[in-house]
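Presented below is the structure to which this report refers.
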Amino acid sequence: MSLQANDFELFELPQQFAQDRAQLDDRWKALQREAHPDRFAAEGAAAQRVAMQWSVRINEAHQRLKDPLKRAAYLCELQGAAVQAENNTAMPAAFLMQQMAWREALEDTDQVSALEALADEVAAQRKRVQQSLGQLLDVERDPHAAVAQVRALMFIERFAHEVDAKLDKLSA
């Protein structure tokens with residue numbers, strides 16, 4: 001293992017958006033077994049510290065690779081297309097209109113059934129954007145076009161959390 005390896009190299013996975021979650025989790029467990037600090041107890045404190053650093057590195061990579069949004073942003077960056085979500089919030093007008101309609105729907109209803117329908121609509125849009133990311137990153141190899149979809153997915157994920165929070169509040 002090399003600290004300079006990217007997450008995909010570290011996990012010995014293809015550098016692509018589509019990933020098998022079970023394979024990813026199995027590889028994470030295997031890497032954690034290899035790097036667990038307890039395995040280095042007989043080698044002293046320095047070896048245990050290095051093992052702990054590896055364990056942290058493996059966990060960070062796992063968190064990035066298992067989350068579709070983080071994985072897509074990471075792939076874009078690896079391919080020279082930084083997402084720059086803090087600086088670049090420009091989105092297509094149709095997407096912004098959809099966001100405004102969703103916000104109004106969220107604010108205007110206190111009915112669980114209406115919120116569940118909104119959550120389903122948001123989940124369907126999330127799935128469409130993730131499919132688009134797979135196409136752009138794995139098939140077309142166009143990370144610059146994928147950046148806009150990553151930013152869209154960021155908005156969708158944030159909004160989905162707001163819908164879930166309101167649902168939880170109404171269901172409590």
Among the residues of region 22-48 satisfying the criterion of being more than 15 Å from ASN59 (Cα to Cα) and among the charged types (D, E, K, R), which is farthest from the chain's Cα centre (by Cα)?
-> GLU43
Is it true that some residue in region 102-113 is closer than 22 Å to GLN16 by Cα, of a type in the set (Val, Ile, Thr) and surrounded by 13 or more Cβ atoms within 10 Å (Cβ to Cβ)?
-> no
Restricting region 67-82 to residues that are out of contact with any helix residue (DSSP H, G or I) (no Cβ under 6 Å at 6 or more places or on another chain) and modelled with pLDDT of 95 or more, the residue that is surrounded by the most Cβ atoms within 10 Å (Cβ to Cβ) | GLU77
Name the one entry in ALA46, ALA35, ALA41, ALA30 that is among the aliphatic types (A, V, I, L, M) and touching a Ser or Thr at 6+ places or on another chain (Cβ under 7 Å).
-> ALA35
Over region 37-76, the set of residues over 30 Å from PHE17 (Cβ atoms) and outside any helix (DSSP H, G or I) is GLY44
Matching entry among ALA85, ALA90 (being assigned to a loop (DSSP other than H, G, I, E, B) and exposed (fewer than 12 other Cβ atoms within 10 Å of the Cβ)) | ALA90
Criterion (within 30 Å of LEU170 (Cα to Cα) and among the aliphatic types (A, V, I, L, M)) met by exactly one of ALA114, ALA85, ALA46 = ALA114
Residue check: is HIS161 closer than 19 Å to GLN84 by Cα and surrounded by fewer than 13 Cβ atoms within 10 Å (Cβ to Cβ)?
-> no
Which condition number in (1) under 29 Å from LEU133 (Cα atoms); (2) without any contact (Cβ under 8 Å) to a residue 60 or more places away in the chain is the one that ALA85 fails?
-> (2)
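The values are calculated or read from the model by the stated rules, or taken from the named source; none is laboratory data. A quick note: this is a predicted structure, and the numbers were derived from the prediction, not measured. Backbone-built Cβ (ideal geometry, glycine too); neighbour counts: all protein chains shown.
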